[in-house]
Amino acid sequence: MKSQCLGDVIVSINGQEVERVDHATLVAIIQSCPDRIRMVVVFENWLATRLVLLTFVNYVLFFQVVLYCQHNLTVSVRWNCI
């Protein structure tokens, strides 16, 4: 199991949304849990990867518009997403 890193976001604990609670409340929620805890976590490097992908997609869309407007060319892109 991966440990928490700076930038990771705990979304929920045992089904309770905790993304926007303060640290003290989060600690209290964790301490009040039984022996087993189910945490939903978004890892920071996952977010960074998605931001890079979105930036790339925006550039592709931008260049499609530029090529179409300046040269009346249509560019076809095939997306293979995991």
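Of the residues making up segment 16-40, those that are assigned to a loop (DSSP other than H, G, I, E, B) and exposed (fewer than 12 other Cβ atoms within 10 Å of the Cβ) are 19, 20, 22, 34, 35, 36, 37, 38.
From 43, 63, 56, which residue is over 11 Å from the mean Cα position of the chain (by Cα), modelled with pLDDT under 85 and surrounded by 12 or more Cβ atoms within 10 Å (Cβ to Cβ)? Outline the logic, then answer.
Numbers: 43 fails: over 11 Å from the mean Cα position of the chain (by Cα); 56 fails: surrounded by 12 or more Cβ atoms within 10 Å (Cβ to Cβ).
On inspection, the qualifying residue turns out to be 63.
The values are calculated or read from the model by the stated rules, or taken from the named source; none is laboratory data. Just so we're clear, the structure is a prediction, and the values are computed from it rather than from any experiment. With ideal geometry, Cβ positions are generated from the backbone for all residues, glycine too; neighbour counts draw on all protein chains shown.
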